[in-house]
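Step one of this worksheet: look at the structure below.
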Amino acid sequence: MTHRAVLVTGMSGTGKSTVLRGLAERGCDVVDTDEPDAHGPWIEAVDGEPLWRLDRVAALLERPRARPLVVQGTVANQGATYDRFDAVVLLSAPSDVILARLATRTTNDFGKSEAERAQVLRDLAEIEPLLRAGATHEVDASRPLDEVVAAVLAVAVG
């Protein structure tokens, strides 16, 4: 049996990394493409734009899977891989929820400055609709964490 591969995407502050940790606790294999692994970074900057190293992502998705695989990331070239995933899950939340999370999170400083917060609002208006158009599922990430993890897990196990 081949287990599913699912991409979890969304704007900063929607809880992608937190949901990924919850999925790992529930038996999924997880990859956070924001974090390098033993083979190096998943992302490289091309003309200042962070992009997935598509060869690495393709190799990951070609590996046999003993459990569902959930990959987390949001980059400009992720759409080139959508056909390799069984599902693409968009985590979304209202702007006030996202801004509050960014202001209080301790794992990442992005979103603390006024300029970054303004960028987040622009991205919500301009980028999130593109992510929504490519998603097969959307999960309201303002719900309690256990509910969000359960909803993504349901997609991951089919």
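What follows draws every value from the coordinates through simple rules; no lab data is involved. Because the structure is a prediction, the values reported are computed rather than measured. Here the Cβ is made from the backbone with ideal geometry for all residues, glycine too, and neighbour counts use every protein chain on show.
Observations on the structure shown:
- Of the residues making up segment 106-158, those that are of a type outside the set (A, V, I, L, M), under 21 Å from Val89 (Cβ atoms) and assigned to a helix (DSSP H, G or I) are Asp123, Glu126, Glu128, Pro129, Arg132, Gly134, Asp146, Glu147.
- Filter result (farther than 12 Å from Gln72 by Cβ and in contact with a strand residue (DSSP E or B) (Cβ under 9 Å, 6 or more places away or on another chain)) within segment 6-28: Met11
- Residue list for segment 35-52, restricted to those being at negative phi and surrounded by fewer than 17 Cβ atoms within 10 Å (Cβ to Cβ): Glu35, Pro36, Asp37, Ala38, His39, Pro41, Glu44, Ala45, Val46, Glu49, Leu51
- Residue match in segment 117-126 (condition: in contact with a strand residue (DSSP E or B) (Cβ under 6 Å, 6 or more places away or on another chain) and surrounded by 13 or more Cβ atoms within 10 Å (Cβ to Cβ)): no
- Candidate set from segment 79-97 (those that are out of contact with any Gly (no Cβ under 8 Å at 6 or more places or on another chain) and not in a loop (DSSP other than H, G, I, E, B)); member that is surrounded by the most Cβ atoms within 10 Å (Cβ to Cβ): Val89
- Lone qualifier among Gly13, Gly22 - being in contact with a Leu (Cβ under 8 Å, 6 or more places away or on another chain) and not in a loop (DSSP other than H, G, I, E, B): Gly22
- The condition (being outside any helix (DSSP H, G or I) and without any contact (Cβ under 8 Å) to a residue 12 or more places away in the chain) is satisfied by just one residue among Ala100, Ala59, Ala45, Ala66: Ala45.
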